[in-house]
Amino acid sequence: MQKQLSDSRYQKEVVGLNAQMDWCDKYEFALAAFCGAMAGFIDVFFVQSPAARSSLMGLSDAAADEMVKKFARFTGWKPRTGNENNVASAIGYLERTFRVNYDQKNHVEVGGAVKLLPKNHHIKSLAHSPDVVGLFFSVLDQFQGKSSFLDNGKLIRIDTSGEDFELKGENFPAKLFSGFANWLGHIMSDAAGSSGSKERGTGVPMPFMELTQFCKFGRFQIGKDRQSFAELMARTFQDGYDARFGATTMVPVLFQKLATSACWAIKRHLVDKKRWEDCIPSDNYGSYRMMQLVSNGTLCLIDVGDAALRSDGNALIFCLHFNFVAALRLSYLVLKEIDIRMGSVMEEKLKKLYHDIVKVSTPAEQEYIRQMELRLQNHQTRLDELYRSYCTSVEEEYRRFSEQVKTMDSMWARPVEKAAASVQLAESTGVKEQNIVHSTKELDKKFGKRKGLFGFWNK
């Protein structure tokens, strides 16, 4: 198989696959650690925690305010003179325009079923999440007249059908679109805090942060109390670690990625003597992926050390200084690298496990497994046939298209041949029959007879 691929027109690409398994040399390791350390420096001194109100956090909050105002203007907000830059006015407009039935803010409004506060209701209300989970529960709650909350590790749904709310739309698709619009508009109204907030206010949680409310485990020290991980993350959110601060924590991560990419490309060109076109950062190069992993790991190491020193054993302070974005990216890089480098090994182990299972299975179970394999093979064969047929049809269509274009553009082709190619091209691209000019006679009939050397029309 390898020889067949090497002899094909994809030889260059096949050879390039070997670069996926490259490792970093000592210079690349050093550069990656340096970039990660610089990113860690930015994280420690210019991000810190929500309570620090850093300059980067101020820029992030200002960007969120501008985004909310632009969205409000896009949806029809027309502020009075002097309120053009008033984000509270924009938020108020969005709250009135995109009303929902699940915006309960305290335990009284939910009948005491949920430990709800104005500062934590965005993380406990699933519909307030800016992700697919939030979208699903928002539309579901609007259709069913309920509010969905996560509290104490449980999903709690409250009946809100008695509230003054009606989902607009005359049919199901219209109501579905209205539900989506309400979710998006309400998310935007909460992204920069509430209209009645005197201070910064709590925005919306980071994507999928709401799922931490399922994690009712552990006993983490918070001051004199010990609370579960779900309670810890709720406290982290209400102390300012929302999507806006999450955007702030992305700054050192982006710097780390870009700086590492630049160092890899420059080193590859100047030291390894590669052409610039071969120095474009890509995950196809193992050395590039390893540099990103080492760099991001250095950033996370510095971030964790800083958070641990500042926390003095307080889990809440640790979380407020912890860069969750960097940690999630490190997890992704590690898992991806394991999959690339250990995928073949895992495949062999899975094959051995399969054979071991077959050995201890009963004859009836073995026959069932054999039939399942046969069905999978048949499905794969049909998919391969469909794929080959699709590729053949695409190649044939492209070949005809190229021939038609070449004929029309050729200075050696006769006018009749050019006209025929033009007609075929028009027919293949879906031009209506009445709009196709089939001959020079039809052309003269439409525009008038030509005259003169340059072929101008009388008409």
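Between residue 143 and residue 433, the FRET efficiency estimated from the beta carbon spacing at R0 = 41 angstrom works out to 0.30.
For residue 402, what is the net charge nearby, where nearby means another residue's Cβ is under 12 Å from its Cβ and Lys, Arg count +1, Asp, Glu -1? Net charge in that neighbourhood comes out at -2.
In the list (1) 1.10; (2) 1.02; (3) 1.18, the label attached to Rg/Rh (Cα atoms, Kirkwood Rh) as derived from the coordinates here is (1). Quick one: of 70/146; 124/154; 154/216, which pairs are farther than 19 Å apart, Cα to Cα? As for pairs spanning more than 19 Å Cα to Cα, those are 70/146. Amide H to amide H, with H built 1.01 Å from N, residue 146 comes under 5 Å of 160, counting only residues 5 or more places away or on other chains.
Entry note, region 364-457: relative contact order of 14 percent, from Cα contacts under 8 Å with a spacing of 6+ residues.
Summed over qualifying helices (DSSP H, 4 residues or more, each -39500 (n - 2.57)) and divided by its residue number, the chain shows a 222 nm mean residue ellipticity of -20000 deg cm²/dmol.
With kT/(6 pi eta Rh) evaluated at 20 °C and eta = 1.002 mPa s, and Rh the Kirkwood radius from Cα pairs, region 52-227 diffuses with a coefficient of 124 µm²/s according to Stokes-Einstein. Only aspartates and glutamates eight or more places from residue 224 in sequence, or on another chain, were considered; those with a Cα closer than 18 Å are 239, 312. As a length-normalised measure over Cα pairs under 8 Å and 6 or more apart, the relative contact order of the chain settles at 17 percent.
Extension gain for the segment residue 200 to residue 133, taken as residue separation times 0.36 nm less the Cα-Cα distance, is 21.5 nm to one decimal.
Charge dipole of region 52-227 (Cα centre as origin; +1 on each Lys and Arg Cβ, -1 on each Asp and Glu Cβ, all else neutral): 440 debye, rounded to the nearest 20. Rounded to two decimals, the Cα-based Rg/Rh of region 364-457, with Kirkwood Rh, is 1.42. Legend: calculated FRET efficiency, residue 208 to residue 441, from the Cβ-Cβ distance at R0 = 60 Å, rounded to 0.05, equals 0.35.
Between residue 221 and residue 368, residue separation times 0.36 nm minus the direct Cα-Cα distance comes to 47.6 nm.
All other residues whose Cβ lies under 12 angstrom from that of residue 297 are scored, Lys and Arg at +1 and Asp and Glu at -1, for a net of -1.
Taking 0.36 nm per residue of separation and subtracting the Cα-Cα distance, full extension of the segment from residue 170 to residue 27 would add 45.0 nm. Pairwise inverse Cα distances across region 73-154, averaged and inverted, put the Kirkwood hydrodynamic radius at 14.2 Å. Remark: the chain carries a charge dipole of roughly 1180 debye about the Cα centre, counting +1 on each Lys and Arg Cβ and -1 on each Asp and Glu Cβ. Summing charges over neighbours of residue 165, with a neighbour being any other residue whose Cβ is under 14 Å away from its Cβ, gives -3 when K and R count +1 and D and E count -1. A simple spin-label model places pseudo-atoms 7 Å from Cα toward Cβ; at residue 361 and residue 383 they are separated by 2.0 nm.
A Förster distance of 25 Å, applied to the separation of the beta-carbon atoms of residue 86 and residue 254, puts the FRET efficiency at 0.25.
Along region 375-387 the Karplus relation, 6.51 cos²θ - 1.76 cosθ + 1.60 evaluated at θ = phi - 60°, assigns HN-Hα couplings of 5, 5, 5, 5, 4, 5, 4, 5, 5, 5, 5, 5, 5 Hz to successive residues, with x for each Gly and Pro.
Of all lysines in the structure, those lying under 20 Å Cα to Cα from residue 441, and not within fewer than 8 positions of it along the same chain, are 418, 432, 449, 451, 459. Cβ crowding within 10 Å ranks 406, 418 as 406, 418, fewest other Cβ atoms first. Annotation for region 276-326 versus region 201-218: alpha-carbon center distance of 22 Å.
Laboratory data are not the source of any read-out in this text; all were calculated from the coordinates shown. These figures come from a predicted structure and were not determined experimentally. Methodologically, a virtual Cβ is constructed for each residue, glycine included, from the backbone with ideal geometry; neighbour enumeration extends over all protein chains shown.
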